[in-house]
1. Among the residues of segment 168-225, how many are part of a loop (DSSP other than H, G, I, E, B), modelled with pLDDT under 55 and aliphatic (A, V, I, L, M)?
2. Collect the residues in segment 230-253 that are in a helix (DSSP H, G or I) and touching a Phe, Trp or Tyr at 6+ places or on another chain (Cβ under 8 Å), keeping them in residue-number order.
3. Residues of segment 427-439 being farther than 17 Å from residue 68 by Cβ and in contact with a helix residue (DSSP H, G or I) (Cβ under 7 Å, 6 or more places away or on another chain), which ones?
4. Exactly one condition in (1) at pLDDT 85 or above; (2) more than 18 Å from residue 434 (Cα to Cα); (3) exposed (fewer than 11 other Cβ atoms within 10 Å of the Cβ); (4) not basic (Lys, Arg) is false for residue 244; which is it?
5. Give the number of residues within segment 438-464 that are of a type in the set (Asp, Glu) and open to solvent by less than 30 Å² (accessible area, probe 1.4 Å).
6. Has segment 21-42 got at least one residue that is of a type in the set (S, T, N, Q), outside any helix (DSSP H, G or I), under 20 Å from residue 315 (Cα atoms) and open to solvent by 10 Å² or more (accessible area, probe 1.4 Å)?
Amino acid sequence: MNGIRTIATFSALGCAAVAAAQERPNVLLIITDQQRWDMVSALHENEFFSTPNIDRLVRRGCCFDNTYCANPISVPSRWALFTGESTACFGIQDNTAPHSRKDDMLEVARTRSLGALFRQAGYRNYYVGKSHLPFGEGRTPGGDKAVNWQFDHLTKDDRLGAVEASETFFRNLRPDGQPFLFVVSLINPHDIGADKLVITDNPRPEKNPQSAKPAGINALTYLPRIRELGDDYFLSDASGRLPSNFGPTDNHPQGPVFQKSYGSYSELMWKKYIWLYYRLVEQVDAEIGRVLDAFENSPCAENTVVIFTSDHGDMMVSHGLAKKNIMYNECQRVPLIFAGPGVRPRIDRSTPVCNGWDLVPTLCSIAGVPVPERLDGVSLWDYVCGREQTLPRKHLYLEGSNAFEIIQEGRWAYILYEMPGNPAVLFDLENDPGQMHNLAPDPAYASKLGELRRMLDQELKKRGLTLSDNRPYSISGLVKNRK
């Protein structure tokens, strides 16, 4: 049958009773941090890692294998995930900078974010783990008080605490006819960017950063294993291989964002990085497994749609980089899986979608919640259920902290950078999936460049955005009309 497996201890009579008492489905949304689209072993066979628990969803779900995040860095991406709104329109360019439209952002969080829409529709909203939403954790640099985004936060612990809180929730769940939205937000494999001392030649044990972290496995947990395996192991192909697009892109614009984030690493250091990233993916998969076990043994399993995704990816040594926030597929593409009642299981490897723009409309469709007209994303739900064969979209519009992008027909990637002169990059993803060759300087592609630039200008105008030869972009009064 479609959806999550039947629970043996939950009788058919019990299922029917719950279905009669609760017509609208529950929603379980699982989010990881910094997990690339190709880090799901059932979708991308790889001898160096395995994700058996996410694979459980793949086997029962509709998988979009050409999914982009709205903006490849945590806070902007999560803003889009929970609002469906542009990051650029609100001046959300990175994780820490003050935002240019704080009052408007607070209004969105309180009145028309995902949590607000579901709460207004009668759902109970729960959240465990990492928020990393604007105003969502403590105080922002501008001194603004935190808001709860219309969720009851059971724990802010994004490791074992989130897993244990989820287990407790599902173990004690007693259906009463009121549906719920439950968000599980886990930190890994994000640790790969935080603990570079694990893979350097001279780690500093006196710092002991592990002691300051919440309970649970983090990158430093693997340090003894790295030392035990030894350098010869990592220099061999036993630990993982450097990607085929390890080198630089031809004719790519230059700037600080494109420099190696950890300096000129040796091949040994890069291979340790790759190995550690695989381990962190496996670790978060194990945590997801515990959440799914508890969920599948609860009385809500038959009437809950499960969604799995991530906020952004990781360069993972492609182009000699080890960071995020760059307009390359490795940072931008993420997993997106739907499983549960009504879902038609399949793997779609070509349809371009954006979890940031499309998640809110899709979840609203699942729950029968009116989709705000102002949103530019599309609901994927009829497509997920097999009622539609195509999506009403010819291109994707994407944003970055210093760039805007158009993905046309899943093939052409046009990126305009906010640097002096606004340099452009053009990739043919069909013939150059590793994005090694910038075609923008080639006169043969002048017509395509003009077509995509006009398309981008239309998207910017629709959002009240304009570009100058030097960043930052400017926001016109048009954006006020999008309330």
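1. Qualifying residue count for the region: 0.
2. The one that is in a helix (DSSP H, G or I) and touching a Phe, Trp or Tyr at 6+ places or on another chain (Cβ under 8 Å): 234.
3. Across segment 427-439, the qualifying residue is only 439.
4. The number of the failed condition is (2).
5. Within segment 438-464, residues that are of a type in the set (Asp, Glu) and open to solvent by less than 30 Å² (accessible area, probe 1.4 Å) number 1.
6. Taking segment 21-42 first, the residues of a type in the set (S, T, N, Q) are 22, 26, 32, 34-35, 41.
From what's left, outside any helix (DSSP H, G or I): 22, 26, 32, 34-35, 41.
Right, trim to under 20 Å from residue 315 (Cα atoms) and you get 32, 34-35, 41.
When the remaining residues are screened for being open to solvent by 10 Å² or more (accessible area, probe 1.4 Å), the result is 41.
Scanning segment 21-42, I find at least one residue that is of a type in the set (S, T, N, Q), outside any helix (DSSP H, G or I), under 20 Å from residue 315 (Cα atoms) and open to solvent by 10 Å² or more (accessible area, probe 1.4 Å), so the answer is yes.
Every residue, every condition in (1) in contact with a strand residue (DSSP E or B) (Cβ under 9 Å, 6 or more places away or on another chain); (2) farther than 30 Å from residue 397 by Cα; (3) open to solvent by less than 10 Å² (accessible area, probe 1.4 Å); (4) touching a residue at least 12 places away in the same chain (Cβ under 8 Å), yes or no:
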| site | (1), (2), (3), (4) |
| --- | --- |
| 294 | no, yes, no, yes |
| 304 | yes, yes, yes, yes |
| 316 | no, no, no, yes |
| 323 | no, no, no, yes |
| 339 | yes, no, yes, yes |
| 354 | yes, no, yes, yes |
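To keep it simple, each residue is scored yes or no on (1) more than 28 Å from residue 430 (Cβ to Cβ); (2) open to solvent by 10 Å² or more (accessible area, probe 1.4 Å).
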residue: 297; (1), (2): yes, yes
residue: 342; (1), (2): yes, yes
residue: 359; (1), (2): no, no
residue: 370; (1), (2): yes, yes
residue: 395; (1), (2): no, yes
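The values are calculated or read from the model by the stated rules, or taken from the named source; none is laboratory data. Given the structure is predicted, the values throughout are model-derived calculations rather than measurements. Please note: Cβ atoms are built from the backbone with ideal geometry, for glycine as well, and neighbour counts cover all protein chains shown. For the accessible areas, the whole protein counts, side chains as well, though only heavy atoms, and no ligand, DNA or RNA atoms are used. Shrake-Rupley method; radii C 1.70, N 1.55, O 1.52, S 1.80 Å.
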